1. Tally up the residues in region 41-59 that are farther than 15 Å from residue 93 by Cβ and surrounded by 13 or more Cβ atoms within 10 Å (Cβ to Cβ), please.
2. Answer yes or no: is there a residue in region 9-26 that is part of a helix (DSSP H, G or I) and closer than 20 Å to residue 159 by Cβ.
3. Six or more apart or on different chains, Cβ under 6 Å: which pairs go from a residue in region 58-75 that's on the phi > 0 side of the Ramachandran plot and modelled with pLDDT under 95 to one that's assigned to a helix (DSSP H, G or I) and surrounded by 13 or more Cβ atoms within 10 Å (Cβ to Cβ)? Could you list them?
4. Test each condition in (1) over 15 Å from residue 49 (Cα atoms); (2) modelled with pLDDT under 90; (3) surrounded by 11 or more Cβ atoms within 10 Å (Cβ to Cβ) for residue 83 and report the one that comes out false.
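The values are calculated or read from the model by the stated rules, or taken from the named source; none is laboratory data. Just so it is clear, the model here is predicted, and its values are computed rather than measured. Here the Cβ is made from the backbone with ideal geometry for all residues, glycine too, and neighbour counts use every protein chain on show.
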């Protein structure tokens, strides 16, 4: 059984190496790696999901791709009382990767720690607020990634403004 596990681990390492070699052919991949929280895996997932960044006209289209756009169930309710939530109609693997990037960035990068703290300010006691704000940060990371790919620039802390 240990032998089989070692073979599987070797196969995973080989596939990850192939993915990274494939991704390095795209100039956008190196730009994505400059974003705090983005490593080789998350950059590859985002690059694969977005592809050509110029095919999107707005940030809302990119958010819909990941299912991070807001929607509210208004069945029998007034619009003012409906609570918006993310739609989850997009790519689940992209959403997961972005959440992981947000988790890392909100704990390890001073700019993102400050941004995350601003989002939480005065709301720390609300139930589930930390997860909600990390989802909001994940959406922000996706928009930053799309913008960098579109402009051909590396990450700058000014994008957190």
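1. Here is the first cut: in region 41-59, the ones farther than 15 Å from residue 93 by Cβ are 52-59.
Subsequent filtering for residues that are surrounded by 13 or more Cβ atoms within 10 Å (Cβ to Cβ) retains 53, 56, 59.
Residues flagged as farther than 15 Å from residue 93 by Cβ and surrounded by 13 or more Cβ atoms within 10 Å (Cβ to Cβ) within region 41-59 amount to 3.
2. Within region 9-26, the first condition is being part of a helix (DSSP H, G or I), and the residues that meet it are 9-23.
Adding the requirement that they be closer than 20 Å to residue 159 by Cβ leaves none.
No: region 9-26 contains no residue that is part of a helix (DSSP H, G or I) and closer than 20 Å to residue 159 by Cβ.
3. Taking only residues 6 or more apart or on different chains, the pairs are 67/95.
4. Here residue 83 meets the rest and fails (3).
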